[in-house]
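Written out below as structure tokens is the structure these notes cover.
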């Protein structure tokens, strides 16, 4: 299992970055902030991503969410969205992107746990939010407004055809962790919990039929 050795904190108020940096440092993690605390800001692209680094994005504006989305292929071990409003829709948005998510007012100790979990390809959620997401998924099926992207279509196609996580990773040049995370994102968008549920929805709605869904064409 990969180990979280470093954390990159992107954006957010200085007091938040300082408090989280102190908590992570107490856990023995190397921390870089963007912008740096009490220093001249540097561009995000100047920070070299690492396979042992979790990037934490403070998402209070659409520009912040766009920055998070743009980091998808940056090579981070994991990513976390720090949201400023306690809304299930924001949790759904982050989870659909395959990242961890935590509220801004959460204690730094819990934030650190969320960051560690993201590095292991997992997401920690408040029980109330988890229950609401499950209830919405059970009652409505696929989550409105969340659309499968091209890679998710291809991963689902490979899954239906019997490919393993390992073979999918080799074919698309991603780690097994990334493949699992992207499949979990696809499951959320389909409103299912696992591979079996995904296959059921795919067959029922003919999701991989290009005549029905043009985005599914090769």
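The values are calculated or read from the model by the stated rules, or taken from the named source; none is laboratory data. On a predicted model such as this, the values are computed, not experimentally measured, just so you know. Glycine gets a Cβ as well: all are built from the backbone with ideal geometry, and neighbour counts include every protein chain shown.
Only one of the numbered conditions (1) within 20 Å of residue 181 (Cβ to Cβ); (2) touching a helix residue (DSSP H, G or I) at 6+ places or on another chain (Cβ under 7 Å); (3) surrounded by fewer than 21 Cβ atoms within 10 Å (Cβ to Cβ) is not met by residue 71, and that is (2). So, of the residues in segment 99-133 that are in contact (Cβ under 8 Å) with a residue 24 or more places away in the chain and over 26 Å from residue 15 (Cβ atoms), which turns out to be farthest from the chain's Cα centre (by Cα)? Among those residues, the one meeting the criterion is 132.
Of the conditions (1) touching a helix residue (DSSP H, G or I) at 6+ places or on another chain (Cβ under 7 Å); (2) at pLDDT 85 or above, residue 216 satisfies every one except a single condition; which number is it? Among (1) touching a helix residue (DSSP H, G or I) at 6+ places or on another chain (Cβ under 7 Å); (2) at pLDDT 85 or above, residue 216 violates only (2). Considering 96, 66, 55, the condition of being crowded, with 18+ Cβ neighbours inside 10 Å, farther than 17 Å from residue 13 by Cβ, modelled with pLDDT of 90 or more and not assigned by TED's automatic domain parsing to the domain that holds residue 176 is satisfied by 55 alone. Would you confirm whether any residue within segment 106-121 is modelled with pLDDT of 85 or more and not in a helix (DSSP H, G or I)? Scanning segment 106-121, I find at least one residue that is modelled with pLDDT of 85 or more and not in a helix (DSSP H, G or I), so the answer is yes. The C-beta contact set for segment 175-190 (first residue more than 22 Å from residue 203 (Cα to Cα) and assigned by TED's automatic domain parsing to the domain that holds residue 205, second residue assigned to a helix (DSSP H, G or I) and at pLDDT 80 or above, distance under 7 angstrom, 6+ apart or interchain) comprises 175/169; 176/165; 176/166; 176/169.
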